[in-house]
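Read the structure below first, then the notes.
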Amino acid sequence: MNAPLQAAAPSTAPGAGARAALEVRRIALVGPLPPPSGGMANQALQLAGLLREAGMEVDFVQTNAPYRPAWAGKLRGVRALFRMLPYLGALWRAAGRAQVFHVMANSGWSWHLFAAPAIWIAHLRGTPVVVNYRGGEAANFLKQAAAWMRPSLRRCAALAVPSGFLAHVFGQHGIGSVIVPNIINLERFSADAAPRAPGGLRLLVARNLEDLYDNASALRAFAQVRQAHPDAQLTVAGSGPLRSELELLARELGVADAVHFTGRVDTADMPALYRQADIMLNPSLIDNMPNSVLEALASGTLVVSTNVGGVPYIVEDGATALLVPPANPAAMAQAVLRLAADPALAAALRSAGRASVAQYAWSSIKPRLFDVYRQALASKGGRRP
């Protein structure tokens, strides 16, 4: 299931990527920015910087911009207008300047409120659109909303998805896509930056504290691990509405003294957390292409993840990570104990995991993305068949 990545009809002519960079000089990038930190927000921020370094002018239209004035955010019922009206104005202005619109899209209301308006405004202004769709809940969303999405997607020059999983999900609805994977900064997330300090088994969870990510199962798994490794420690790096509930669960499980809730962690501080951990747990119930898994692998951290959504498309069970069923703390604990008891397996997974993420470096993704931009520009705003 660890499917090979597919390129976006790559050109075989020498220097095609460089020419694409010269042809497409101004991009409007539409998406969220941290805070809060999250996969799409972090990818959008990183991509904007990389495009600028590549010589492009980037107009960033932020979907989660602060309310102006700030007090408007307290006015329930009408506060959406204080965000939407400036957002629509920013889209209109950016569409008049940019050669290509790159829209970071997600499921649910995020699609209806932010992605769809961006597509239609760019279409009205004759600016070709590349929709970069992400999110592990796409399958359920498409079952409910595919008919609503099709008119917007027909106005797009390309639909880019980060994984074979999402390509499969859209393909089930007869919607073609091209794979442009997430970008991992392999200089920042490096196992060679600092050696791990000696000590007991150290586990890490790097997901927000929301139902979707099932941090409770990670806590229950950790409680079982601690029966065999009393000096084990768990760091929960993330913020969210379930923090108090999870802290209470840690106390009920008798592991509160060994669990550290960091709260929100800035992107710049995450590499140190990965390098300090022996094993990262990814307990999510639904997932697409979790950056935390790829960042952990790049950092030389072992990964135990639930076998959901797009995860088996980016790691191979027993080769680069260990996969377990979702909502199964016992299976997750057993996987952790297996790695702790088998140094040879741990070393093999660590080495293979680091090698597997080389394909997500900017040097590999850049030509794919620029080729999509070039094709979008050539389409003059129309969707390719």
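The values are calculated or read from the model by the stated rules, or taken from the named source; none is laboratory data. Keep in mind it's a predicted model, so treat the numbers as computed, not measured. Using ideal geometry, Cβ is built from the backbone for each residue, glycine included, and neighbour counts are taken over all protein chains shown. These accessible areas exclude ligands, DNA and RNA; they are computed on the full protein's heavy atoms, side chains included. Shrake-Rupley method; radii C 1.70, N 1.55, O 1.52, S 1.80 Å.
Run the numbers on the chain and let me know its relative contact order in percent, using alpha-carbon pairs under 8 Å that are six or more apart.
Answer for the chain is 20 percent.
Modelled label-to-label distance, HIS112 and ALA341, 7 Å Cα→beta-carbon offset: nm?
5.1 nm
For the modelled label position 7 Å from the Cα of ALA65 along Cα-to-Cβ, which residues of region 27-53 have backbone nitrogen atoms closer than 16 Å?
28-35
Considering only PRO325, PRO283, ALA65, whose Cα is most displaced toward the positive end of the charge dipole of the chain, charges sitting on Cβ of Lys, Arg (+1) and Asp, Glu (-1)?
Toward the positive end, the furthest listed residue is ALA65.
Would you pull out the residues with amide H under 5 Å of THR306's amide H, same chain only if 5 or more places away, H placed 1.01 Å from N?
Amide H to amide H, under 5 Å and 5 or more residues apart or across chains, THR306 pairs with ASN282, SER284, VAL324.
I'd like to check one number: the per residue accessible area of the chain, probe 1.4 Å, reported in Å² as a whole number. Let's see the in-between values first.
On the way: 16750 Å² over 385 residues.
That works out to 44 Å² per residue.
Picking from VAL205, GLY309, HIS102, whose Cα lies most toward the positive end of the charge dipole for the chain (charges on Cβ: Lys, Arg +1; Asp, Glu -1)?
Toward the positive end, the furthest listed residue is HIS102.
Search the structure for amide H atoms under 5 Å from the amide H of ASP59, placed 1.01 Å from N in the peptide plane, and list their residues when 5 or more places away or on another chain.
For ASP59, whose amide H was placed from the backbone, the distant partners under 5 Å are ILE27, ALA28, LEU29.
If I take R0 = 45 Å and measure r between the Cβ atoms of LEU124 and ALA361 in this structure, what FRET efficiency does the formula 1/(1 + (r/R0)^6) give, to the nearest 0.05? Intermediate results must be reported in sequence, preceding the final value.
Numbers: r = 37 Å, r/R0 = 0.82.
About 0.75, to the nearest 0.05.
Using +1 on the beta carbon of Lys and Arg, -1 on that of Asp and Glu, and nothing else charged, what's the dipole of the chain about the Cα centre, debye to 20? Could you put the intermediate results ahead of the total?
Values: 36 positive and 24 negative charges, 350 e Å.
For this selection, approximately 1680 debye.
Work from the charge dipole of the chain (Cβ charges, +1 for Lys and Arg, -1 for Asp and Glu, about the Cα centre) and give the residue of GLY126, ALA361, ALA228 farthest towards its positive end.
In the chain, that residue is GLY126.
Based on the Cβ-Cβ distance of GLU53 and ALA330, what FRET efficiency does E = 1/(1 + (r/R0)^6) give at R0 = 51 Å, to the nearest 0.05? Show your work: numbers first, answer last.
Details: r = 47 Å, r/R0 = 0.91.
About 0.65, to the nearest 0.05.
For a quick size check, give me the Cα extents of the chain along its three principal axes, largest first, whole Å.
On the principal axes, the chain reaches 63, 55, 37 Å in Cα extent.
Can you send over the carbon and sulfur percentage of the accessible area for the chain, probe radius 1.4 Å, protein chains only?
On the way: 9070 of 16750 Å².
After summing per-atom areas, the C and S share lands at 54 percent.
Cα centroids of region 306-375 and region 274-299: how far apart, whole angstrom?
Answer, in whole Å: 8.
With only Lys, Arg, Asp and Glu charged, each at its Cβ (+1 for the first two, -1 for the last two), find how big the charge dipole of region 134-264 is about the Cα centre; round to the nearest 20 debye. It would help to have the intermediate numbers written out before the result.
Details: 14 positive and 11 negative charges, 112 e Å.
In debye, rounded to 20, region 134-264 gives about 540.
Stokes-Einstein at 4 °C, 1.567 mPa s, Kirkwood radius from Cα pairs: D for region 79-230 in µm² s⁻¹?
Here the translational diffusion coefficient equals 69 µm²/s.
Shape call for region 317-366 from the C-alpha gyration tensor, a ≥ b ≥ c root eigenvalues: rounded (a/c under 1.5), prolate (a/b greater than b/c) or oblate?
Working: a/c = 4.35, a/b = 1.75, b/c = 2.48.
Oblate, since a/c reaches 1.5 and b/c is not below a/b.
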